[in-house]
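The structure appears below as structure tokens.
The values are calculated or read from the model by the stated rules, or taken from the named source; none is laboratory data. Keep in mind the model is a prediction, meaning the values are calculated, not measured. As a convention, Cβ positions derive from the backbone with ideal geometry for all residues, glycine included, and neighbour counts pool all protein chains shown.
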Amino acid sequence: MAGLGELVGVLKAAGEGTRLRLLALLADGDHSVKDLTAILDQSQPRVSRHLKLLADAGLVQRHAEGAWAYYRLSPAGEGAELARWLMARVDPEAPERRQDKARQADIRAGQRAQAAAYFAQVAESWDLLKTLHVPEAAVEAAVLDALDGRVVDLLVDLGTGTGRMLDVLAPAYRRGIGIDSSREMLTVARSRLSSAGIAHAQVRLGDITALDLSMGEADVVVLHQVLHYFDDPGRMLTEARQLLKPGGEMLIVDFAPHDLEFLRSEHEHRRLGLSAAQMRGWADAAGLDVASSRDFPSDHTDGGLTVCLWRLVARSKTD
């Protein structure tokens, strides 16, 4: 229970038009200050002031990543309860809400197009790029070990890129499907699978943020070096969770938090790594439990990246 003064502060923070619009946008997932500024068509200092008031009142959480900061709705507390109550009563057809959603969709489409252009440019050298400062062989062996010698019916590799994980995990599935939005990457992937004689896997052109569920319920979903390309990894986990059968597993490989801004400016990374606490929060919201995690520090001595492997397990629908 909160005191009267605290409740008044929370109500004051929420009771303003722009701040309500911000809460509605953050109910859709994590956003950077940069994107919120563009969506609302307001100055960065103004938007930042509104976000600070919301954060101080416990309505939203702030997470700094290098030169950027991301915001999300608070997952717990009086502020979180009030935010959820308010958002359940926002009319999705209200003019300002429709305008914000349209701008949000435009920004996300622009980010996807920018990333697609980058992937088209680096498709041929993608596997080499991924090995820079990363203990890739150890990570790949650990991903295979995570399946504990099992052979599953269906494995889906989201953001399959050049199909490397379908190749590495080929002994562990009877049917494999790789999804990617880059035609250039898929050309390389098809060539790789054909050369390796892997006939029980296929790759498809598709948007992993809007999955085709007709491919069937998967035993395992893989997200290998994918989530850092999204402003809101939690939204991606929730989307991917729809593919998993109850008790199915999600294997996630990504970077630990780091401060290498050039990966954002030159290589289209949106998040500078993912922390253990962030992963637990996103997984919980998506109906997943973190069963295990492993860190793989760089074998370089000049400040290379640490790679993390998480194994998430889908809860049953009644949990």
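Of note:
- When residues in the stretch 76-113 are screened for being within 25 Å of Arg270 (Cα to Cα) and among the small types (Gly, Ala, Ser), 5 of them pass.
- Residue match in the stretch 282-301 (condition: buried (at least 18 other Cβ atoms within 10 Å of the Cβ), out of contact with any strand residue (DSSP E or B) (no Cβ under 7 Å at 6 or more places or on another chain) and either closer than 22 Å to Ala69 by Cβ or at pLDDT below 90 (or both)): yes
- Looking across the stretch 65-83, the residues that are charged (D, E, K, R) and in contact (Cβ under 8 Å) with a residue 12 or more places away in the chain come down to Glu65, Arg72, Glu78.
- Test: residue in the stretch 218-227 that is touching an Asp or Glu at 6+ places or on another chain (Cβ under 7 Å) and over 17 Å from Trp310 (Cα atoms): no
- The condition of being in a strand (DSSP E or B), under 22 Å from Arg271 (Cβ atoms) and among the aliphatic types (A, V, I, L, M) holds for only one of Ala38, Ala64, Ala55, that being Ala64.
- Candidate set from the stretch 143-175 (those that are touching a Leu at 6+ places or on another chain (Cβ under 8 Å), closer than 19 Å to Ser194 by Cβ and among the hydrophobic types (A, V, I, L, M, F, W, C)); member that is surrounded by the fewest Cβ atoms within 10 Å (Cβ to Cβ): Val168
To keep it simple, each residue is scored yes or no on (1) modelled with pLDDT of 80 or more; (2) closer than 21 Å to Asp254 by Cβ; (3) in contact with a Lys or Arg (Cβ under 7 Å, 6 or more places away or on another chain).
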{"residue": "Ala83", "(1), (2), (3)": "yes, no, no"}
{"residue": "Lys101", "(1), (2), (3)": "yes, no, no"}
{"residue": "Phe119", "(1), (2), (3)": "no, yes, no"}
{"residue": "Ala123", "(1), (2), (3)": "no, yes, no"}
{"residue": "Lys130", "(1), (2), (3)": "no, yes, no"}
{"residue": "Val134", "(1), (2), (3)": "no, yes, no"}
{"residue": "Ala138", "(1), (2), (3)": "yes, yes, no"}
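- Test result for Arg97, free of Cβ contacts under 8 Å to residues at least 40 places away in the same chain and surrounded by fewer than 17 Cβ atoms within 10 Å (Cβ to Cβ): no
- When Glu266 is tested against (1) surrounded by fewer than 22 Cβ atoms within 10 Å (Cβ to Cβ); (2) more than 24 Å from Glu136 (Cβ to Cβ), exactly one condition is not met: (2).
- All of Arg235, Arg311 fail the test of being under 14 Å from the mean Cα position of the chain (by Cα) and buried (at least 16 other Cβ atoms within 10 Å of the Cβ), apart from Arg235.
- Subset tally (residues that are part of a strand (DSSP E or B) and out of contact with any His (no Cβ under 9 Å at 6 or more places or on another chain)) for the stretch 240-262: 7
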